[in-house]
Amino acid sequence: MKTTFIYGIGIAVVSFVSGLILFLLGFHNDPEKLSTGQLIGSITGFVIMVAGLIMVMKARREEFTSEEGFGYGRALGTGTLTALWSAIAGGILTIIYAALINPGMQEVIMESEIAKLEEQGVPSDAIDQAEGIMNFMTSPVMMGVTNIIMGFIIGFILSLIVAAFLKRAPVDVAPPPPPAAA
């Protein structure tokens, strides 16, 4: 469990740092750049998660002898637990980011989404109704909760795939031959 915890926190921190870089580059401050920033962030997060899962499963696999093996169940359990720790830490870091580091993020998201609705020709009264829901869903706490849920689901799905490649069947050790008769 210690290995999965460390790697889970590591995945969350590296993802958080990549988000900070996007913030510093202005992708989280301008509604027109937000979609591009979200796409870059999603791809980067995906790569970070896959790399982290590969690393944690390899590390855990080394903790077992070749006779014990590291089957699909163990590999999947390792990935799932790592995804859980990563999602929880990522949710907490999202709340910190949205509440303290970039409190204007909620407004940028709102402006971006309203602009998209206007482009689609949605009537202004429908946009006004949707604004309340968007305001609730883009609050720091809801962004954190959403991050926890979606981060875990995506991490679990990726674990299903990565575990198939990193499992290791146990090696049968043949008993030593009987001593030769003298």
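The values are calculated or read from the model by the stated rules, or taken from the named source; none is laboratory data. These numbers were taken from a predicted model, which means no experiment stands behind them. Here the Cβ positions follow ideal geometry from the backbone for every residue, glycine too, while neighbour counts run over all protein chains shown.
Worth a mention:
- Of all residues in the range 140-182 being loosely packed, with under 10 Cβ neighbours inside 10 Å, more than 24 Å from GLU63 (Cα to Cα) and aliphatic (A, V, I, L, M), the one that is nearest to the chain's Cα centre (by Cα): ALA180
- Residue count for the range 103-135 under the criterion of being within 26 Å of the chain's Cα centre (by Cα) and farther than 23 Å from THR36 by Cβ: the result is 2.
- Qualifying residue in the range 157-180 (condition: at pLDDT 95 or above and over 18 Å from GLY77 (Cβ atoms)): no
- Residue match in the range 27-44 (condition: of a type in the set (Asp, Glu), on the phi < 0 side of the Ramachandran plot and in a helix (DSSP H, G or I)): yes
- Filter result (within 21 Å of ILE43 (Cα to Cα), of a type in the set (Gly, Ala, Ser) and without any contact (Cβ under 8 Å) to a residue 60 or more places away in the chain) within the range 119-168: GLY144
- Output for the range 52-67, where each listed residue is over 11 Å from the mean Cα position of the chain (by Cα) and outside any loop (DSSP other than H, G, I, E, B): ILE54, MET55, VAL56, MET57, LYS58, ALA59, ARG60, ARG61, GLU62
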